[in-house]
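Okay, structure first, notes after.
Only the coordinates and a few stated rules stand behind these numbers; no lab work does. All of these numbers come straight from a predicted model, not from anything done at the bench. When we count neighbours, we look across all protein chains shown, and the Cβ atoms used for this are built from the backbone with ideal geometry, even at glycine.
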Ligand SMILES: Cc1cc2nc3c(=O)[nH]c(=O)nc-3n(C[C@H](O)[C@H](O)[C@H](O)COP(=O)(O)OP(=O)(O)OC[C@H]3O[C@@H](n4cnc5c(N)ncnc54)[C@H](O)[C@@H]3O)c2cc1C
């Protein structure tokens with residue numbers, strides 16, 4: 001059973017920030033918050049539901065500016081949006097693998113980002129698409145690159161009275177492609193045992209831009225910048241991708257858990273990095 005709490009449903013963003021600053025728990029879709037409250041992990045007695053705040057709602061795309069996503073955009077919104085499948089394939093692969101249809105219909109990108117789980121399926125895909133988050137306080141707002149938003153396990157670059165307002169993702173570039181591979185123990189609903197996201201921009205055969213992000217390979221979602229540097233400016237040969245699979249092992253720190261040993265995660269990481277890059281390159285060649 002859920003414990004008793006006071007529920008606030010403001011329409012004003014500054015009011016929501018004030019309530020959060022006073023210790024209220026923010027809730028969007030509630031698919032993490034209410035599970036934690038139900039299980040006794042979260043004993044918040046004040047909850048601020050942000051769904052009625054207009055500045056967090058809506059999502060749009062323009063070929064010049066890319067994606068402007070309200071924090072309340074759901075995984076299902078992303079999964080069903082043709083623009084995403086066409087230009088932001090990694091995001092399609094990530095969001096469409098979150099939980100079940102019911103969870104994807106309630107669960108938001110803002111909630112996935114702010115829950116900050118290392119296994120979150122939307123974060124790596126958004127990181128490789130160079131996402132930034134707009135974080136609003138009672139008076140000001142600031143923009144933080146998503147890759148810099150995680151300070152440690154479940155620690156975010158967000159003050160007590162700040163709320164995630166929007167997510168900005170640049171327009172797709174010519175000859176670019178992306179992919180996300182989620183490895184789970186079973187085909188049914190499951191959290192990622194490991195996930196790799198890759199984004200590439202091609203100039204002929206040359207890898208002009210490469211971004212790689214890892215899920216469940218460290219205490220937070222991370223970019224694999226050493227591996228990216230190894231690849232950038234070189235022709236996309238099989239030997240180079242094999243080398244990338246080895247390099248990525250030097251910049252990841254998976255842990256052993258009841259789901260898997262660290263050794264198994266590392267073996268997967270080498271293989272999935274090569275596969276995600278191959279898929280992203282194939283997408284870029286078709287673009
Ligand atoms: C059965 C089940 C299966 C799941 N499977 C997956 C899966 O496969 N992959 C995956 O990644 N996740 C999975 N999840 C986790 C969850 O559904 C996602 O993390 C979802 O995106 C959370 O979104 P939400 O809107 O429900 O967040 P909420 O539960 O409302 O909030 C999550 C956290 O973010 C904070 N928060 C929310 N919005 C904001 C905001 N705008 N500003 C500041 N803080 C905010 C809340 O305070 C809370 O700490 C699963 C959950 C369940 C119950």
Exercise. How far, in nm, would the chain grow between residue 11 and residue 139 when pulled straight, counting 0.36 nm per residue and subtracting the alpha carbon separation?
Worked result: 44.5 nm
Seminar exercise, completed: At the level of C-alpha centres, the distance separating the range 201-224 and the range 42-113, in angstrom, is 22 Å
Exercise. Within the P(r) computed for the chain, what percentage of the Cα pairs occupies the region above 23 Å?
Worked result: 53 percent
Seminar exercise, completed: Rounded to the nearest 10 degrees, the helix 238-247 long axis (Cα) sits at an angle to the longest Cα principal axis of the chain of 50 degrees
For this session: Would you mind ranking 189, 1 by Cβ crowding within 10 Å, fewest neighbours first?
Result: 1, 189
For this session: Using Cα pairs closer than 8 Å and at least 6 residues apart in sequence, work out the relative contact order for the range 56-169, in percent.
Result: 28 percent
Exercise. Taking neighbour counts of Cβ atoms within 10 Å as a proxy for exposure, in what order, fewest first, do 144, 26, 133 appear?
Worked result: 144, 26, 133
Problem set entry | Mean separation of Cα contacts under 8 Å, 6 or more apart, over the residue count of the chain: relative contact order % | 17 percent
Exercise. If you build a Gaussian network model of the chain, linking Cα atoms that sit under 10 Å apart, which residue out of 64, 160, 270 swings the most?
Worked result: 64
Problem set entry | residue 188-residue 278 FRET efficiency (beta carbon distance; Förster radius 35 Å; 0.05 resolution) | 0.85
Problem set entry | the chain - share of DSSP beta bridges that are antiparallel (%, nearest 5) | 85 percent
Exercise. Which percent of the Cα-Cα distances in the range 56-169 go past 26 Å?
Worked result: 12 percent
For this session: Would you calculate the separation in nanometres between label points at residue 105 and residue 153, each defined as 7 Å from the Cα along the Cα-to-beta-carbon direction?
Result: 3.5 nm
Exercise. So what is the 222 nm mean residue ellipticity for the chain from helices alone, if each DSSP H run of at least 4 adds -39500 (n - 2.57) and you divide by all residues, rounding to the nearest 500 deg cm²/dmol?
Worked result: -9000 deg cm²/dmol
Exercise. How do 277, 202, 13 rank when sorted from fewest to most other Cβ atoms within 10 Å of their own Cβ?
Worked result: 13, 202, 277
Exercise. What angle do you read, to the nearest 10 degrees and between 0 and 90, between the alpha-carbon axis of helix 262-286 and the longest principal axis of the chain?
Worked result: 80 degrees
